[in-house]
Amino acid sequence: MTRLTRRTFLKQTAAGAALAALGGRPAPAHNALAQGEAETPFVVVDAHEDIAWNMLNHGRDYTRSAYETRAIEGAGIPYAHNAGICTLGLPEWLAGQVGVIAATVFVMPVQHSISTDVVVYATPDEAHDWGMRELDAYEALAEAVGGQVRLIDTAGDLDAVVRTWAPDADPAERQIGLLRSMEGADPIREPAEVGAWFERGLRIIGPSWRRTRYGGGTWEPGPLTDLGRALLDEMAALGMMLDLSHASDQTFLEALDHYDGVVLTSHSNPRAFCPGASAAPTTR
Ligand SMILES: [Zn+2]
């Protein structure tokens with residue numbers, strides 16, 4: 001696609017037109033948090049998005065605006081149940097200063113599939129193959145937009161992305177950095193394979209979604225397994241981040257005791273506000 005600039009965004013999209021009507025600025029250079037720090041880049045970090053899942057299963061093109069995708073998908077297509085209404089696209093990331101995104105590798109276990117039109121896995125080999133295709137999809141996305149989406153492999157890559165958001169940087173040079181993460185570690189066929197995934201760019205692993213071979217998950221309680229402990233050891237040796245969103249209570253606490261590295265919960269809330277795994281399932 002052609003390279004997006006603030007001007008073409010404002011001209012080509014309805015969202016851009018609306019923003020233009022509000023004064024022509026897709027997003028402020030700073031928000032209240034950054035006031036007084038004129039030289040400090042401000043970016044929003046979106047810690048979890050199933051982008052490749054939606055690319056491969058629903059044909060979504062994230063170089064389009066969310067507005068365009070909604071217009072293409074239309075109200076009658078059953079995306080609401082499988083994927084939700086599209087809220088993401090490169091123009092919106094640029095306008096919203098969403099400079100860093102944890103983009104997931106996620107594959108659906110066959111026993112939890114709610115649709116015949118999504119990829120599922122029954123074996124670790126199948127999960128592995130589709131997980132690798134999702135990493136391919138991120139490489140293709142970065143390739144398609146010529147530098148506006150950058151794959152983050154190193155701290156240097158992250159710094160370079162954030163620098164493009166400095167107030168004095170050229171807005172045309174802004175980049176969206178994708179930090180690749182995994183939700184549900186079954187695509188990793190055995191713990192010794194973690195290094196191969198790291199080589200492909202994976203930097204964050206969440207062992208659980210529902211229960212996996214590595215530990216208990218949402219609505220499917222259980223412990224961190226022997227495989228799970230071995231997985232964490234491999235991750236720690238490589239300096240990877242451990243994502244404990246979706247971990248069951250037991251797996252969560254055991255992983256905190258076991259893991260010798262950086263831990264995050266990428267998409268979780270206090271149980272008092274969002275009961276999650278302790279509530280009866282009403283949706284997937
Ligand atoms: Zn999730």
Just one of the numbered conditions (1) under 26 Å from VAL118 (Cα atoms); (2) at pLDDT below 95; (3) part of a loop (DSSP other than H, G, I, E, B) is not true of THR63; which one?
-> (2)
Verdict on TYR138 being in contact with a His (Cβ under 9 Å, 6 or more places away or on another chain), in the same structural domain as VAL45 (by TED's automatic domain parsing) and aromatic (Phe, Trp, Tyr) = no
LEU202 being under 16 Å from the mean Cα position of the chain (by Cα), closer than 22 Å to VAL262 by Cα, in the same structural domain as SER113 (by TED's automatic domain parsing) and modelled with pLDDT of 95 or more = no
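Could you tell me whether ARG200 is surrounded by 20 or more Cβ atoms within 10 Å (Cβ to Cβ), away from the ligand (no atom under 15 Å from the Cβ) and not aliphatic (A, V, I, L, M)?
On the way: surrounded by 20 or more Cβ atoms within 10 Å (Cβ to Cβ): no; away from the ligand (no atom under 15 Å from the Cβ): yes; not aliphatic (A, V, I, L, M): yes.
Taking the combined requirement at face value, the residue does not satisfy it.
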Got at least one residue in region 183-194 being over 16 Å from PRO124 (Cα atoms) and within 16 Å of the ligand (Cβ to nearest atom)?
-> no
If you go through region 25-46 one residue at a time, do you hit one that is assigned by TED's automatic domain parsing to the domain that holds ALA140, among the charged types (D, E, K, R), within 16 Å of the ligand (Cβ to nearest atom) and at pLDDT 95 or above?
-> yes
Restricting attention to region 212-244, which residues are surrounded by fewer than 21 Cβ atoms within 10 Å (Cβ to Cβ), within 16 Å of the ligand (Cβ to nearest atom) and under 19 Å from VAL107 (Cβ atoms)?
-> THR218, TRP219, GLU220
If we keep just the residues of region 169-182 that are among the charged types (D, E, K, R) and crowded, with 17+ Cβ neighbours inside 10 Å, which is nearest to the ligand (Cβ to nearest atom)?
-> ARG180
Which of the residues that make up region 113-163 are touching a residue at least 60 places away in the same chain (Cβ under 8 Å), more than 14 Å from ARG180 (Cβ to Cβ) and in contact with a strand residue (DSSP E or B) (Cβ under 8 Å, 6 or more places away or on another chain)?
-> VAL118, VAL119, TYR121, ALA127, TRP130, GLN148, VAL162
Sort through LEU94, LEU56 and tell me the only one that's touching a residue at least 60 places away in the same chain (Cβ under 8 Å) and surrounded by fewer than 20 Cβ atoms within 10 Å (Cβ to Cβ).
-> LEU56
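Of the residues ASP117, ASP136, only one is more than 15 Å from the chain's Cα centre (by Cα) and either away from the ligand (no atom under 16 Å from the Cβ) or not β-branched (Val, Ile, Thr) (or both); which? So that I can check it myself, show each step before the final result.
Working: ASP136 fails: more than 15 Å from the chain's Cα centre (by Cα).
That would be ASP117, the only listed residue that is more than 15 Å from the chain's Cα centre (by Cα) and either away from the ligand (no atom under 16 Å from the Cβ) or not β-branched (Val, Ile, Thr) (or both).
The values are calculated or read from the model by the stated rules, or taken from the named source; none is laboratory data. These numbers were taken from a predicted model, which means no experiment stands behind them. When we count neighbours, we look across all protein chains shown, and the Cβ atoms used for this are built from the backbone with ideal geometry, even at glycine.
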